[in-house]
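Participant: So that we are looking at the same thing, I have put the structure below in structure tokens.
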Amino acid sequence: MTGLLVCVAGYFALLLGIAWRTARHAGSDAFYSGGRNSPWPIVAFGMIGTSLSGVTFVSVPGTVGIEQFGYLQLVIGQALGYLVIAWALLPLYHRLGLTSIYGVLAQRLGPRSHRTGVAFFIAARTLGATARLYLVIVVLRWLLLDALGVPFWLTAAAILALILVVTIEGGVHTIVYTDLLQTAAMLLGLFVCTALLLQQLGLDPLAGWRAMRHAGLARLWVLEPRAPDYAVKQLLAGVFIAIAMTGMDQEMMQKSLSVRRLADAQKNMLLLGVVLLAVVAVFLYLGGLLTLVAPEVGVTARGDRLFPAIVQAALPPPVQLLFVVALVSALFPSADGALTALTSIACIDLLGLPQRADLDEAARKRMRRRVHLGFAALFMVLVLGFKALDDPSMIALVLKLAGYTYGPLLGLYAYAMLGRRRVADRWTPAVAVAAPLLCWIVDSQQARWLGGWHIGLELLPLDGALTYAGLWLLSRPAAPPSMKS
């Protein structure tokens, strides 16, 4: 146990060393946009870790025993959604020279629409990041810290303090490089655990696949229209999830916009889609192996607890160490990127720091640090709230929250890019709040109103469509002003 803690501490020290080296001469431009000079292959590789997170690392393998390989339907849809981002959204962001992508809403719809988009992003990213952070903290406690009697709040505070130290100075310029290390560690943990489980079962990869098929774990396509994970619904939901949670998410786009050339940013996005699909397929394959090996090692846990329980019960201490490092590595690209993106949005879109002529660089830096600390404190409060909730499957909860919080963003962007009537800007906040409320009513009453049809992840496009419809109904017939180029 002591050796494991020492090795994890050494890994944290390496992260801090990278943060110190990259942040020594970082100014505001480096914090917000990486100086727009980040190498695209490094950005693409690091974004894999940001897209997956600790929820994917633990929750996705745990779904196989319940849903088989059905989750891959969603990820195939996401890969298609990345094409839309590469050829529709990235050219727009680069043409406008945006640091905050929500500048599109300001130029196209108006100031209240802009602030509404910012508010929904802050809500979406804060809830999503803290849900992921909570799960990783829980797993670390199962494996390490419960035996030492370390309280939950202290674990959360220590991890948040480390994330703060890594990001508070360098921002995007730092996390582009720390994400590279962390994604590599996460993927190493994935492949080593997969290989060792195959060895435990005495199977080669093809025999492992055949064993999963024989056990009824390998179903991919769900062709029953009334099923919650019906293939068509999952594919379409995946497309909209990618567009909203990546293409309209400042954290993800902040890294793509740190690449100088549009063509390189597009290559980054397309490569991300292909690699993400392959990596999630391996996570699901790993989940099948975990489900097969669980009875052999006496593990009865399911869902989020399955992977850590088998690591603890059946794998040697060096692999337990690698699992912990990989899990932490899966956490950090999501958490540090979210904290940086939230700080950037608050400073640029709400406080207008880059345009404040009355403040020098030192004063802007002080205000930026205070905002960064404020969001870290909010993360702490919400993590403690998720502890009280204790949902058994965090990936389902994260996607559910995304439907309510990213849906209005999807509707706002769709209207900004496709709407031909002038939006009633003063009514945008009311429309954006009403749409998720209507979705919640439909979701809560669907058994009575919809019969056998079950609304699942299509909640996100429904929320976006209601937002778009509300903006259109309240709009005026005059053509909107042309977008600045």
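The values are calculated or read from the model by the stated rules, or taken from the named source; none is laboratory data. Quick caveat, the model's predicted, so the values are computed rather than measured. All Cβ positions, even for glycine, are placed from backbone atoms using ideal geometry, and neighbour counts span all protein chains on display.
Participant: What number of residues within segment 403-450 satisfy the criterion of being assigned to a helix (DSSP H, G or I), of a type in the set (A, V, I, L, M) and surrounded by 14 or more Cβ atoms within 10 Å (Cβ to Cβ)? Full working, then the answer.
Facilitator: Taking segment 403-450 as the starting set, the residues that turn out to be assigned to a helix (DSSP H, G or I) are 403-405, 407-418, 425-449.
Subset that is of a type in the set (A, V, I, L, M): 409-410, 412, 414, 416-418, 430-435, 437-438, 441-442, 447.
Within this subset, residues satisfying the condition of being surrounded by 14 or more Cβ atoms within 10 Å (Cβ to Cβ) are 409-410, 412, 414, 416, 430-435, 438, 442.
Total satisfying the criteria: 13.
Participant: Does any residue of segment 378-401 turn out to be of a type in the set (A, V, I, L, M, F, W, C), assigned to a helix (DSSP H, G or I), modelled with pLDDT of 90 or more and touching an Asp or Glu at 6+ places or on another chain (Cβ under 7 Å)?
Facilitator: No, every residue in segment 378-401 fails to be of a type in the set (A, V, I, L, M, F, W, C), assigned to a helix (DSSP H, G or I), modelled with pLDDT of 90 or more and touching an Asp or Glu at 6+ places or on another chain (Cβ under 7 Å).
Participant: Pull up segment 226-255, narrow it to residues that are surrounded by fewer than 17 Cβ atoms within 10 Å (Cβ to Cβ) and in contact (Cβ under 8 Å) with a residue 40 or more places away in the chain, then point me to the one that is farthest from the chain's Cα centre (by Cα).
Facilitator: Step one: of segment 226-255, the residues surrounded by fewer than 17 Cβ atoms within 10 Å (Cβ to Cβ) are 226-228, 232.
Those still in the list that are in contact (Cβ under 8 Å) with a residue 40 or more places away in the chain too: 226-228.
Values: ARG226: 28, ALA227: 26, PRO228: 22 Å.
My answer is ARG226.
Participant: From ALA106, ALA44, ALA13, ALA9, grab the single residue that is of a type in the set (A, V, I, L, M, F, W, C), buried (at least 18 other Cβ atoms within 10 Å of the Cβ), in a helix (DSSP H, G or I) and at pLDDT 70 or above. So that I can check it myself, show each step before the final result.
Facilitator: Numbers: ALA44 fails: at pLDDT 70 or above; ALA13 fails: buried (at least 18 other Cβ atoms within 10 Å of the Cβ); ALA9 fails: buried (at least 18 other Cβ atoms within 10 Å of the Cβ).
When all the criteria are applied, what remains is ALA106.
Participant: Can you tell me which residue in segment 298-307 is surrounded by the most Cβ atoms within 10 Å (Cβ to Cβ), limited to those that are part of a helix (DSSP H, G or I) and either at pLDDT below 85 or of a type in the set (Asp, Glu) (or both)? First the steps, then the outcome.
Facilitator: Taking segment 298-307 and keeping what is part of a helix (DSSP H, G or I), we get 303-307.
So of that shortlist, the ones also either at pLDDT below 85 or of a type in the set (Asp, Glu) (or both) come out as 303-305.
Numbers: GLY303: 19, ASP304: 24, ARG305: 17.
If we take residues in segment 298-307 being part of a helix (DSSP H, G or I) and either at pLDDT below 85 or of a type in the set (Asp, Glu) (or both), then ASP304 is surrounded by the most Cβ atoms within 10 Å (Cβ to Cβ).
Participant: Consider VAL324 against the criteria (1) out of contact with any Gly (no Cβ under 9 Å at 6 or more places or on another chain); (2) surrounded by 22 or more Cβ atoms within 10 Å (Cβ to Cβ); (3) at pLDDT below 85; (4) hydrophobic (A, V, I, L, M, F, W, C): it satisfies all of them except one. Which criterion is unmet?
Facilitator: Going through the list (1) out of contact with any Gly (no Cβ under 9 Å at 6 or more places or on another chain); (2) surrounded by 22 or more Cβ atoms within 10 Å (Cβ to Cβ); (3) at pLDDT below 85; (4) hydrophobic (A, V, I, L, M, F, W, C), VAL324 breaks only (1).
Participant: Next question. Can you name every residue in segment 209-241 that is over 22 Å from HIS454 (Cβ atoms) and in a helix (DSSP H, G or I)?
Facilitator: Scanning segment 209-241 gives TRP209, ARG210, ALA211, MET212, ARG213, HIS214.
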